[in-house]
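The values are calculated or read from the model by the stated rules, or taken from the named source; none is laboratory data. Bear in mind that the values here come from a model prediction, so they are computed numbers and not experimental data. Because the Cβ atoms are built from the backbone with ideal geometry, glycine has one as well, and the counts that use them run over all protein chains shown.
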């Protein structure tokens, strides 16, 4: 607390801290059965993990916010093309005949990290 007087940088507020309860609530409310991302983590793995994981995630999110730096692994995703038309076996396919699904890591946007930011800043 004594170091806050001479602090120059991002404002630090006590009410904008990523608490463990928020992380636990978000992981328990996430939809199960989704595909794992590039990090091979699924929502079920986060939901049924050791209670120390939400503590570590809250500290990680605080560091990301304090440093204003998002790790490169959080920005990776892949796109899965799914045919839109029903008779895709008999007709020639074009680019517009596919629907795209983006698979991103569970912890990063738009999943756990984004929801945590929205809840903390009261926009969710």
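Residues in segment 54-67: is at least one at pLDDT 85 or above and farther than 26 Å from residue 19 by Cβ?
no
Which count do you get for residues in segment 48-82 that are surrounded by 13 or more Cβ atoms within 10 Å (Cβ to Cβ) and more than 17 Å from residue 108 (Cβ to Cβ)?
Selection size over segment 48-82: 1.
For segment 83-101, give me the residue count where each residue is at pLDDT below 85 and surrounded by 10 or more Cβ atoms within 10 Å (Cβ to Cβ).
7
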